[in-house]
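In what follows, a structure is listed as structure tokens, so that the remarks can point back to it.
The values are calculated or read from the model by the stated rules, or taken from the named source; none is laboratory data. As the structure is a computational prediction, the values presented were derived from the model and not from experiment. Positions of Cβ are backbone-derived with ideal geometry, glycine not excepted, and every protein chain shown enters the neighbour counts. For the accessible areas, the whole protein counts, side chains as well, though only heavy atoms, and no ligand, DNA or RNA atoms are used. Shrake-Rupley method; radii C 1.70, N 1.55, O 1.52, S 1.80 Å.
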Amino acid sequence: PYEFIHASATDTTLPENFADVLVNAYSIFYLGQDEERNEVESAVVESNRILKDGGRLMLALPCSLDDKIIGRFGSNLEEYGFKEATYLSPKQTKNNGMKNGVHILSYQKVDDVSEPLGHDLSFYLNREVFVG
């Protein structure tokens, strides 16, 4: 059995060691992570807090992210108690109903990390962003 819970990614109010699986589809991409904001890092620390040991953090991210950004994020995520379990590229996830696929990432919780570490978890820092 499973239960969907609607909550803030940075403060779920759920108890520690509560979940076997957390799914974050796109919302982590839109959180701020730069010199002034640490929302992505807060969401990662919160995910670690509420996941059971061996639990899975599942992320879906836009195809527009390049491999370098995905690699940096995953490498830095190791410092937050997660190891990569599965990675599917946009080419692997594309189907006939989609123009482009998405990045699907699965990480397993291997260690408790409860404090921010200040590592770069941004998805669009130093990228040109067009709003219009």
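Worth pointing out:
- Distance between the 7 Å Cα→Cβ label points at residue 106 and residue 75: 2.5 nm.
- Inter-site label distance for residue 25 and residue 64 at 7 Å from Cα along Cβ, in nm: 1.9
- Here the relative contact order of the chain, from alpha carbon pairs under 8 Å that lie six or more residues apart, stands at 28 percent.
- Sparsely packed GluC sites (Glu not before Pro) within segment 1-48, loop by DSSP, other Cβ within 10 Å at most 12: 3, 16, 35, 36
- Rounded to 5, the percent of DSSP beta bridges in the chain classed as antiparallel: 70
- Amide H within-cut-off set for residue 51, under 5 Å, with H built and near neighbours excluded: 17, 18, 19
- Exposure here means at most 14 other Cβ atoms within 10 Å; with chymotrypsin sites (Phe, Trp or Tyr not before Pro) in a DSSP loop as sites, the longest stretch of the chain lacking them is 27-129.
- Heavy-atom accessible area for residue 75, with the other protein chains in place and a 1.4 Å probe, reaches approximately 60 Å².
- Shown for segment 15-115: lysine pairs separated by 8 or more places, or found on different chains, whose C-alpha atoms are under 21 Å apart, numbering 7.
- Alpha carbon centroid spacing (whole Å) that separates segment 5-20 from segment 23-86: 15
- Dipole axis of the chain (+1 Lys, Arg; -1 Asp, Glu on Cβ), positive-most option in 113, 31, 58: 58
- Accessible-area ranking of 86, 93, largest first, probe 1.4 Å: 86, 93
- For the chain: accessible area per residue (Å², 1.4 Å): 63
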